[in-house]
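Engineer: Got a structure for you, written out below as C-alpha cells; questions coming shortly.
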Amino acid sequence: MANTLTVPGTLGIDFGTSNSAAAYRKPGQLAQLLPLEGAANGMPTALFFNTEEHSTHFGRDAMQQYLAGEEGRLMRSLKSLLGSSLLLEKTAVHEQLISYQDIIAIFLKRVAEQARKALDGALPERVVLGRPVHFVDAHPERDRQAQDALAAAARTAGLGEVSFQLEPIAAALDYEQRLTEEKLVLVVDIGGGTSDFTVVRLGPQQARHADRKQDILATTGVHIGGTDFDHRLNVSQVMPLLGYKHIGPSGREVPSGVFFDLSTWHLIQWLYTAKSLAAARNLKTDYRDPQLHQRLMKVLDWREGHRLADAVEQAKIAASRSHAASAIALGWLEDDLPADISPQVLQDQLQALLQQVVDCARECVALAGVAAPDAIYLTGGSSALRTLRDALRIAFPEVPQVEGDLFGGVATGLAYA
Ligand SMILES: Nc1ncnc2c1ncn2[C@@H]1O[C@H](COP(=O)(O)OP(=O)(O)OP(=O)(O)O)[C@@H](O)[C@H]1O
Ligand SMILES: [Mg+2]
C-alpha cells in the first residue's frame, strides 16, 4: 500500500450487499473483527450524502440521517450494481458528477479509515476482499468485470492491490477455528444479494495446509438474497396500495414497471430523475381510484422509496424472529394502511425463491460427489429464516444445522484466507 504505515498480517473486508465488516489477523493469532462504526463491528452498507450540509454519512448514521428526513440522497445495495452497466452511470454528489463505482470507493475508503483507526494508524500489508461465487449468474464476462470494478474501487480507496476469496470459503475458514475434529461441511451463506454454498473438508489438521484446493470439493452460488425477499414482499404486500394490479378506466392494469423498480433496493434512486417522475405522474389516467396514484406520487415526490423498502425489510425481520405477523410501518404515508407480513406470507411469497436457493445447495452437494455432509453451517442474515431452514432440513434430512456468526463470519474468515 502506497504512503501508508503497514503492520504484518491480513485485513479481511466483507463488502456485503446489506452489511459490511472487517477483520484483522496478526500472523499466528486469531482474527479479530474491527469496530467500523463507533464500537459496532460491521455497519450497514449505506451512504447518505447530505446536500444541505455537504456532508457524507455511513452505515447506521446514513440510515438515521435519511429516516430523519434530512435533505440528501441515500445509497444502498451498491454491490448489486457490480456487473451491470448502471455501475458507470454518473450521478451528482456534492455538486460533482461521479460514478456508482466511485461511490463504492468512497464507502471502502471509509472502511479502510476505520480499520486504520482501530490499528493505531496502520493498515495490514495484505488485504483480502470477499466475493460471491457469482456476482452475475451465468455470465462469466460480466462477472469478471464486476470483480475488476471492485478491485479498482479498492485501489481508489487506497487499499492497494487486493486479493479475492469466495465468501462461502471465508465463512468455512472461520467455522474451522471452532472445530476439534474433521468434518465435511456444507456452508450456506444467505446474504442480502446472493446465496453461496461450498462443500469443504474442515478440521484442525486441514487448517494447517497452506493450499486448501483439495479440501474444497465444490462451490455454487445464485443471485438471490434478502433484498430479493424484500422485493417480493414489497410487491405483494405494499405495491397494491399504490396501484399495482389496479384496473384502470380502460379495463387494463396500471403498467407495472414503476412498482417493480420501487421495490428493488438498487433501482430506487433512478425513479427520482425528472424523466421517471414525469412518467409516473402521467400514469394518473391509468387509475380508476386517484387515491392510489396520489400515494404512489407521495412516495416518489418525497423520495421515500428507501423508507418504504426499509419498512418492508424491518417487518420481514420482525416476522422472521417472532414467527408472528408484523405490521409494515407505513404511518408516514397514510394512517391505518393495512399491510403486514405474517409467517404464512413469508412461506407463500418466498417459496419459489427459497426453492431455487435450496436447489443450488443440492447442486453443490451433488458436484462434491458426496451423499450428505456431516453438518450444515449457516451464515448470512437471511439464513435466519425458518422457512429456509425447514427447506434445508427436507433437502438434507438428519444433517445437523449449526448456526454461525451471521454477520461477522465472512470478514473473520477472509482474514484467514
Ligand atoms: N432475522 C432475520 N430473518 C430474516 N432475514 C434477516 C434477518 N436478519 C437479517 N436479515 C436479512 O439478511 C440480509 C443481510 O444479511 P447479510 O448481512 O449476511 O448480507 P450481506 O453480507 O450484506 O449480503 P451479500 O453477502 O449477499 O452480499 C438482509 O436482507 C436482511 O434483511
Ligand atoms: Mg455476505
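The values are calculated or read from the model by the stated rules, or taken from the named source; none is laboratory data. Bear in mind the structure is a predicted one, so any value in this text is a computation, not a measurement. A quick note on method: Cβ atoms are made from the backbone with ideal geometry, for glycine too, and the neighbour counts reach across all protein chains shown.
Engineer: From (1) under 26 Å from residue 311 (Cα atoms); (2) touching an Asp or Glu at 6+ places or on another chain (Cβ under 8 Å), pick out the condition that doesn't hold for residue 66.
Structural biologist: Here residue 66 meets the rest and fails (2).
Engineer: Here's a follow-up. Which residues, taken from segment 318-348, are crowded, with 20+ Cβ neighbours inside 10 Å and either in contact with a His (Cβ under 9 Å, 6 or more places away or on another chain) or in a helix (DSSP H, G or I) (or both)?
Structural biologist: Result: 319, 320, 346.
Engineer: What are the residues in segment 377-401 that are within 16 Å of ligand 1 (Cβ to nearest atom) and outside any helix (DSSP H, G or I), if any?
Structural biologist: Filtering segment 377-401 for residues within 16 Å of ligand 1 (Cβ to nearest atom) gives 377-392, 401.
Selection gives 377, 378, 379, 380, 385, 401.
Engineer: Take the conditions of a type outside the set (A, V, I, L, M) and under 18 Å from the mean Cα position of the chain (by Cα) and apply them to residue 58. Does it pass? Spell out how you get there, then give the answer.
Structural biologist: Values: of a type outside the set (A, V, I, L, M): yes; under 18 Å from the mean Cα position of the chain (by Cα): yes.
Spelling it out, residue 58 is indeed of a type outside the set (A, V, I, L, M) and under 18 Å from the mean Cα position of the chain (by Cα).
Engineer: Here are some conditions: (1) surrounded by 15 or more Cβ atoms within 10 Å (Cβ to Cβ); (2) more than 14 Å from ligand 1 (Cβ to nearest atom); (3) in a helix (DSSP H, G or I). Residue 107 meets all but one. Which one does it not meet?
Structural biologist: Evaluating residue 107 over (1) surrounded by 15 or more Cβ atoms within 10 Å (Cβ to Cβ); (2) more than 14 Å from ligand 1 (Cβ to nearest atom); (3) in a helix (DSSP H, G or I) leaves (2) as the failure.
Engineer: Looking only at strands (runs of 3 or more DSSP E) that lie completely in segment 140-228, which have at least 2 residues being within 16 Å of ligand 2 (Cβ to nearest atom) and polar (S, T, N, Q)?
Structural biologist: On the way: elements: 163-166, 183-190, 195-202, 216-222.
Strands (runs of 3 or more DSSP E) meeting the threshold: 195-202, 216-222.
Engineer: When segment 45-61 is examined, which residues are found to be surrounded by fewer than 19 Cβ atoms within 10 Å (Cβ to Cβ) and either modelled with pLDDT under 95 or within 16 Å of ligand 1 (Cβ to nearest atom) (or both)?
Structural biologist: Scanning segment 45-61 gives a single hit, 60.
Engineer: Could you check segment 237-258 and list, in sequence order, the residues that are within 16 Å of ligand 1 (Cβ to nearest atom) and part of a helix (DSSP H, G or I)? If you could, list the steps in order and put the result at the bottom.
Structural biologist: First, pick out the residues of segment 237-258 that are within 16 Å of ligand 1 (Cβ to nearest atom): 237-238.
Once the filter is applied, which keeps residues that are within 16 Å of ligand 1 (Cβ to nearest atom) and part of a helix (DSSP H, G or I), segment 237-258 yields only 237.
Engineer: May I pose another question? Take the residues of segment 357-372 that are buried (at least 23 other Cβ atoms within 10 Å of the Cβ) and touching a helix residue (DSSP H, G or I) at 6+ places or on another chain (Cβ under 8 Å): which is farthest from residue 214 (Cα to Cα)?
Structural biologist: Start the filter on segment 357-372 by keeping residues that are buried (at least 23 other Cβ atoms within 10 Å of the Cβ), which leaves 357, 361, 364-365.
Applying the additional criterion that residues be touching a helix residue (DSSP H, G or I) at 6+ places or on another chain (Cβ under 8 Å) yields 357, 361.
On the way: 357: 25, 361: 20 Å.
Going through the qualifying residues, I end up with 357.
Engineer: Among the residues of segment 192-233 satisfying the criterion of being small (Gly, Ala, Ser) and within 23 Å of residue 381 (Cα to Cα), which is surrounded by the most Cβ atoms within 10 Å (Cβ to Cβ)? If you could, list the steps in order and put the result at the bottom.
Structural biologist: At the first step, the residues of segment 192-233 found to be small (Gly, Ala, Ser) are 192-193, 195, 203, 207, 210, 218, 221, 225-226.
Going one step further and asking which of them are within 23 Å of residue 381 (Cα to Cα), we end up with 192-193, 195, 218, 221, 225-226.
Details: 192: 25, 193: 24, 195: 30, 218: 17, 221: 23, 225: 28, 226: 26.
Among those residues, the one meeting the criterion is 195.
Engineer: Now a separate question. Does segment 145-155 contain at least one residue that is within 16 Å of ligand 1 (Cβ to nearest atom) and touching a Ser or Thr at 6+ places or on another chain (Cβ under 9 Å)? Spell out how you get there, then give the answer.
Structural biologist: Going residue by residue through segment 145-155, those that are within 16 Å of ligand 1 (Cβ to nearest atom) are 146-147, 149-150, 153-154.
Retained after the next criterion (residues that are touching a Ser or Thr at 6+ places or on another chain (Cβ under 9 Å)): 146.
Within segment 145-155, one or more residues are within 16 Å of ligand 1 (Cβ to nearest atom) and touching a Ser or Thr at 6+ places or on another chain (Cβ under 9 Å).
Engineer: Hey, can you tell me all the residues within segment 277-291 that are surrounded by fewer than 17 Cβ atoms within 10 Å (Cβ to Cβ) and not acidic (Asp, Glu)? Lay out the reasoning, then the answer.
Structural biologist: So in segment 277-291, the residues surrounded by fewer than 17 Cβ atoms within 10 Å (Cβ to Cβ) come out as 277-279, 281-282, 284-285, 288-291.
277, 278, 279, 281, 282, 284, 285, 288, 290, 291 - these are the residues of segment 277-291 that are surrounded by fewer than 17 Cβ atoms within 10 Å (Cβ to Cβ) and not acidic (Asp, Glu).
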